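**Student:** Pasting in a structure now, in structure tokens, and then I'll have a few things to ask.
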Amino acid sequence: MLKKSSLALGGAALFLAWNGLLLLFLWSRPGALPAPQSPQSPDGSRLLPAQLLQLAQDAEAELRLQRELLLQIQKFSRSQRQKTSKPPQILPTTTTTPPSQEEEEELSVIPVLVLACDRSSVRRCLDKLLRYRPSARRFPVIVSQDCGHAETAKVIASYGAAVAHIRQPDLSDIPVPPEHRKFQGYYKISRHYRWALGQVFRTFRYRAAIVVEDDLEVAPDFFEYFQAVLPLLRKDPSLWCISAWNDNGKEAMVDAGRAELLYRTDFFPGLGWLLLAELWDELEPKWPPAFWDDWMRQPEQRRGRSCVRPEVSRTMTFGRKGVSHGQFFDQYLKFIKLNDRFVPFTQLDLSYLKKEEYERFFLQQVYSAPEIKIEELQKDSGRDLGAVRLQYRGRDSFKALAKALGLMDDLKSGVPRAGYRGIVSFVCRGRRVFLAPPSDWTGYDPSWS
């Protein structure tokens with residue numbers, strides 16, 4: 001104890017000695033304050049008021065620095081006393097250090113990356129994002145613009161400090177195989193994604209990000225949804241993304257009264273999705289030159305992992321015009337139901353989405369539902385009746401049933417849109433329906449594409 005007190009006294013003495021030296025230094029500087037007996041500087045001229053003010057500011061800054069030094073000495077002395085007053089503790093070797101407050105705050109920040117090009121209608125996207133976000137600090141908006149379109153750049157700039165505007169520096173054409181000349185736009189999109197995600201995770205060093213495109217409008221609980229599911233994504237290695245999109249989310253095919261329902265899906269939905277920096281570490285080295293979203297759906301990237309998706313979409317697309325020339329837009333996308341009821345997801349127990357628990361109750365629900373034929377389903381209204389199951393046994397069987405029901409019938413590497421273990425859940429004529437393979441399903445067949 002005597003040693004600690006000596007340390008504190010020594011620190012205080014050091015503090016006083018240093019201030020004495022500081023004053024001596026200031027008196028001896030050329031043009032410094034005159035000696036007490038003379039109101040003039042050494043060359044006989046009067047000291048200017050500006051010089052006096054500058055010297056006073058310098059002295060104040062130095063004294064402030066020394067005060068902080070003394071406070072650090074006192075803090076160190078207190079911490080040493082506290083350590084000696086407590087008995088030593090033996091911690092188990094498995095104990096992990098909990099994240100500090102600073103680390104917790106860093107993890108809670110989720111930027112929204114908006115990929116933009118030449119749509120001045122990006123205003124519609126940004127207006128809703130800024131309107132619904134609960135905190136500018138926790139949800140910074142970064143707009144990454146490709147194409148160099150002046151009118152779009154002007155729209156983005158009109159938001160001032162509310163959004164960060166970054167620009168893809170490489171606007172050149174990309175050498176492509178002759179048969180892919182008409183797909184030049186897809187190559188540029190993939191290049192832009194790689195650059196923009198690199199900025200978010202490498203330059204800005206965020207730990208997670210929500211990705212949207214400039215033709216998406218978000219729901220009122222868009223941020224609430226991602227904030228609530230993010231902890232599950234961090235803890236469950238069988239998940240690799242969270243999506244706001246339901247590929248079969250047309251109004252007649254969802255239960256709008258159960259907007260809180262969430263599902264696991266083996267299909268990468270995109271269209272408003274969240275990923276972690278660790279996933280970008282994995283994907284960036286092998287990022288494809290084009291068609292990045294279909295590349296994400298390949299088994300080599302998915303690696304058996306799933307995404308979370310909602311019953312009712314938290315995004316909708318208004319961009320018919322684009323590099324895809326409106327593919328699927330008129331038939332499916334423009335009919336997607338955008339959720340309009342705020343669900344307090346952060347107050348709900350979402351543990352049912354963990355892989356083991358989800359499969360236990362979901363598969364039981366699916367395969368305990370009575371199997372019926374599509375003619376029975378289409379004959380009468382099933383409102384207020386229980387769930388049913390339609391079974392398919394092959395690629396052609398699935399596509400025929402999906403087309404007859406108005407579902408999206410395309411498959412990517414054998415995975416149906418919104419499907420989990422081959423099962424697609426939707427509503428038909430007011431009734432819950434599971435379009436499912438036999439219960440002895442053994443996995444996806446990539447040739448079903």
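**Student:** Which FRET efficiency, nearest 0.05, do Asp294 and Ala256 yield, Cβ-Cβ r, R0 30 Å?
**Tutor:** 0.50
**Student:** Here's something else I'd like to know. Assuming R0 = 22 Å, what is the FRET efficiency of Arg124 and Arg341, from their Cβ-Cβ distance, to the nearest 0.05?
**Tutor:** That gives a FRET efficiency of 0.60.
**Student:** For Arg202 and Trp441, what does the FRET efficiency come to when R0 = 35 Å and r is the distance between their Cβ atoms, rounded to the nearest 0.05?
**Tutor:** 0.30
**Student:** For the stretch 366-448, what size does the Cα cloud have along each of its three principal axes, sorted from largest down, in whole Å?
**Tutor:** The Cα atoms of the stretch 366-448 stretch 37, 24, 18 Å along their principal axes.
**Student:** Using per-residue counts of other Cβ atoms within 10 Å, averaged over each peptide, order 287-295, 260-268 from highest down.
**Tutor:** 260-268, 287-295
**Student:** Residues of the stretch 354-379 with amide nitrogen under 16 Å from the 7 Å Cα-to-Cβ point of Ser397?
**Tutor:** Residues passing the 16 Å test: 367, 371-375.
**Student:** Evaluate the distance, in nm, between pseudo-label points positioned 7 Å from the Cα of Ser158 and of Ala404 along their respective Cα→Cβ axes.
**Tutor:** Spacing of the two 7 Å Cα→Cβ label points: 5.1 nm.
**Student:** Which of Lys188/Lys286; Lys286/Lys412; Lys250/Lys399; Lys128/Lys250; Lys337/Lys373 have a Cα-Cα distance over 23 Å?
**Tutor:** Exceeds cut-off: Lys337/Lys373.
**Student:** Using 7 Å Cα-to-Cβ label points, what is the Gln184/Tyr367 separation (nm, one decimal)?
**Tutor:** Label at Gln184, label at Tyr367, 5.3 nm between them.
**Student:** In nm, what is the difference between 0.36 nm times the number of residues separating Ala277 and Arg137 and their Cα-Cα distance?
**Tutor:** Value of the extension gain: 48.5 nm.
**Student:** Can you give the Rg and Dmax of the stretch 268-311 based on its C-alpha atoms, in angstrom?
**Tutor:** Answer for the stretch 268-311, Rg first and Dmax second: 10.7, 33 Å.
**Student:** If one computes the Cα centroid of the stretch 393-449 and of the stretch 119-157, what distance in Å separates the two points?
**Tutor:** The stretch 393-449 and the stretch 119-157 have Cα centres separated by 36 Å.
**Student:** A follow-up question, please. Considering the zone a paramagnetic label at Ala150 would reach in this model (a point 7 Å from Cα along the Cα-to-Cβ line), which residues of the stretch 110-143 have amide N under 18 Å from it?
**Tutor:** Output list for this probe position: 117-121.
**Student:** So what's the gap between the Cα centers of the stretch 330-354 and the stretch 221-253, to the nearest angstrom?
**Tutor:** The stretch 330-354 and the stretch 221-253 have Cα centres spaced 8 Å from each other.
Any read-out appearing in this document is the output of simple, stated calculations on the displayed coordinates, not a laboratory observation. On a predicted model such as this, the values are computed, not experimentally measured, just so you know. Positions of Cβ are backbone-derived with ideal geometry, glycine not excepted, and every protein chain shown enters the neighbour counts.
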